[in-house]
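Structure record follows, encoded as structure tokens.
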Amino acid sequence: MDLIKSGQRASIFFQKEENIVEISCIIDKIYDDRIVLELPQYFMRYIEFLNVGKRLTVKIFSKLGTIDFNTIVISSPLEDEFSIELDPNALKLTPNSEIPSIDAIEKFNIYIYEHEVLNERTFQISTSYIKFYCDNLLEVGSLYKCELILPEDYGKIELEIIISEIDPVYDNEYTAKYSRMTEEDRQNLLYYMYVYSNNID
């Protein structure tokens, strides 16, 4: 269990109605059978999902990748510590994946000028960045309004991005960070990623 240490960032995931909720936490203490997490101040709005006996999905972010496991709550947030079970046999390490992401091809429209739209496609989506193909020259640091078209009935997400990287080998592959996205759209994106990942596993 050398990959899990105090001070690491972790996220709790659970489903609330049709949304997947993500709560960002910090690992406080580690025991043989459980991990104690520091919860953010807003946890009370989700108290019903954080009671003893509730099952959650937890991701721990390490330098080697993301550690994923399903778990149950051992103590609720209203007690002295909020802890979740730790089963070393149930852990799954995804190398080089510090942020939850999926490999997918979605329609991605970039508004260059008021009446000019670039119709592109993605090749990786995450909760904080997007990677896409584009044959037009986009400059690092540039801000663009965009829309991400999700398949079937998952909807359309309007956002703003900042170009953060151009692939040094394939100059038509771009990475962009999200500059603006509503919380509702972020939850829709997270829910789509969750469903997509489960469907291809």
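Each reported figure results from applying straightforward, stated rules to the coordinates on display, with no laboratory input. Bear in mind that the values here come from a model prediction, so they are computed numbers and not experimental data. Cβ coordinates were reconstructed from backbone atoms using ideal geometry, including for glycine residues, and neighbour counts include every protein chain displayed.
Quote to one decimal, in nm, the extra length available between VAL169 and ILE30 on full extension: 0.36 nm per residue of separation minus the C-alpha distance between them.
Details: separation 139, 0.36 × 139 = 50.04 nm, distance 4.22 nm.
Stretched out fully, the VAL169 to ILE30 stretch lengthens by 45.8 nm.
Extending 7 Å from Cα along the Cβ direction at ASN89 and again at ARG180 yields two label points whose distance is 5.2 nm.
Would you kindly work out the equivalent ellipsoid of the range 32-91 from its C-alpha gyration tensor and give its semi-axes, the square roots of five times the eigenvalues, largest first in whole Å? If you can, show how the numbers build up before the last one.
Values: eigenvalues 82, 35, 21 Å².
Value: 20, 13, 10 Å, ordered largest first.
Placing a pseudo-label 7 Å from each Cα along the Cα-to-Cβ vector at LEU3 and TYR111 gives an inter-label distance of 4.2 nm. Sorting the segments 20-28, 148-156 by their residues' average number of neighbouring beta-carbon atoms within 10 angstrom, most packed first, yields 20-28, 148-156.
Name the residues whose placed amide hydrogens come within less than 5 Å of the amide hydrogen of SER179, ignoring near sequence neighbours (fewer than 5 apart) on the same chain. Those lying under 5 Å, H to H, from SER179 are GLU160, ILE161, ILE162.
Size descriptors for the range 15-138, from the alpha-carbon set: Rg then Dmax equal 19.0, 59 Å.
With contacts taken as Cα pairs under 8 Å at a separation of at least 6 residues, the chain carries a relative contact order of 14 percent.
In the chain, helical runs assigned H by DSSP with n ≥ 4 each contribute -39500 (n - 2.57); averaged across all residues and rounded to the nearest 500, the mean residue ellipticity at 222 nm is -3000 deg cm²/dmol. By the rule of a C-alpha distance below 19 Å, with chain neighbours fewer than 8 residues away ignored, the lysines paired with LYS5 are LYS29, LYS59, LYS63, LYS92. For a straight C-alpha distance cut-off of 28 angstrom, the lysines reachable from LYS145 (same-chain residues fewer than eight places away being disregarded) are LYS107, LYS131, LYS156, LYS177. What angle do you read, to the nearest 10 degrees and between 0 and 90, between the alpha-carbon axis of helix 183-200 and the longest principal axis of the chain? Its long axis makes an angle of about 80 degrees.
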